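To start, the structure under review is shown below, and the notes come after it.
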Ligand code: PMP
């Protein structure tokens, strides 16, 4: 067995192949090599690649007009997508702005929360509480509430201060001495203490990912968590913002990830699966009761960009969401999720480094540990997650690895997030290739 020198392990842009074309779950580079997309890129390509119907809808819109600027026009795609998203969200989540991606959606969510409090004459509620090991985006506001130390590090000192990062809700790595059934109450008590410490009149919103993505390697919250946090938010007049950029739009087998928990947030973001990656698209959806004071005082939300509500991007979203409904793809994800999990469990059976295999729907995380009993992460210098990514890539599998365990609070993780259209045979191909890749990467560091 050869142990590769650590210095050679990286993903250098210069070494990346050039993407050529794709169809369904297959992606081809300019050398003709085929990859199966086991993660839908970064959990984006919910309809796979090269969908003719979506492409035709975009082309038809471009032929009519690419974009009607929001201060000048509304449009059919904008109105149709609003109706589709409101129907998918259900309840009072009827109002929304369409933006160009996840970070913009999170920024808008933060600003809508601030504007809501301002409209009610409460200018003291300016702080955000979010969680460690979370990811909300790369713009400065979204980065300020993200618990992803490695990505924050170069910007410390310039980030918005005064908020707090509380514990991630992680049943695999719970707070010491807390029994599984006591977790929701423990996390809710921590939220309450934090609100009291910052000042009950100073907190604007609590922001969380119902199922953590990039920062934790798919971590669904323990049952009862969201309801317990909702109750604390309500008691203190703190808005709840659910960041569903990655876990929403059907990825977890319900259109809203938080619908699984029977909880309705005040504000919600969604992005990746909304437009399926065909064009840049995200949304911030907010509740009627949040809209009411904003409309009354300001005549609408005071946030937006040149490409807000971009007509062709909304047309892509309408096509993607129409197909998702017609083909019952969210139900498909719900039903086939356990099948995919079973295939992975079979392929990873006997690999001691697999500490946790978890997820919901077509959103699965694998956490690797050096010691299963102690849950000790591998030495971050081994860059195991990159080795896994490289081993998979060599074998023609695209997966989404995440390391960032420098604070020792998590192991290397890999996300698998197949397109919703994946057949059982394709799910099996992904599981088999992933098992082979993981074994190869572990062998490289002598952990096989
Ligand atoms: N929130 C979450 C939960 C995300 O996963 C991401 C992206 N991975 C973002 C926000 C930021 O989205 P974008 O990269 O589209 O700006």
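Within the stretch 288-303, is even one residue touching a strand residue (DSSP E or B) at 6+ places or on another chain (Cβ under 6 Å) and within 16 Å of the ligand (Cβ to nearest atom)?
No, there is no match, as no residue in the stretch 288-303 is touching a strand residue (DSSP E or B) at 6+ places or on another chain (Cβ under 6 Å) and within 16 Å of the ligand (Cβ to nearest atom).
Which one is surrounded by the fewest Cβ atoms within 10 Å (Cβ to Cβ) among residues in the stretch 88-141 that are away from the ligand (no atom under 12 Å from the Cβ) and assigned to a strand (DSSP E or B)?
Per the criteria, the residue is 132.
What is the one condition in (1) in a helix (DSSP H, G or I); (2) touching a residue at least 24 places away in the same chain (Cβ under 8 Å) that residue 414 does not satisfy?
(1) is the only condition that residue 414 fails.
Quickly run through the stretch 142-173 and pick out the residues that are within 11 Å of the ligand (Cβ to nearest atom) and outside any loop (DSSP other than H, G, I, E, B). If you could, list the steps in order and put the result at the bottom.
Residues of the stretch 142-173 that are within 11 Å of the ligand (Cβ to nearest atom), as a first pass: 142-143, 145-146, 148, 151.
Listed by number, the residues that qualify are 142, 143, 151.
Checking the structure you have, find out if any residue of the stretch 150-157 is farther than 14 Å from residue 216 by Cα, in contact (Cβ under 8 Å) with a residue 40 or more places away in the chain and under 20 Å from the mean Cα position of the chain (by Cα).
First, pick out the residues of the stretch 150-157 that are farther than 14 Å from residue 216 by Cα: 152-157.
With the extra rule that they be in contact (Cβ under 8 Å) with a residue 40 or more places away in the chain, the set shrinks to none.
No, the conditions are met nowhere in the stretch 150-157.
Is there any pair linking a residue in the stretch 229-255 that is without any contact (Cβ under 8 Å) to a residue 40 or more places away in the chain and within 20 Å of residue 112 (Cα to Cα) to one that is more than 16 Å from the ligand (Cβ to nearest atom) and not in a helix (DSSP H, G or I), with Cβ under 6 Å and at least six apart or on different chains, and which?
From the stretch 229-255, the pairs are 230/263; 240/266.
Only the coordinates and a few stated rules stand behind these numbers; no lab work does. Worth saying up front: this structure is predicted, and the values here are computed from it rather than measured. A quick note on method: Cβ atoms are made from the backbone with ideal geometry, for glycine too, and the neighbour counts reach across all protein chains shown.
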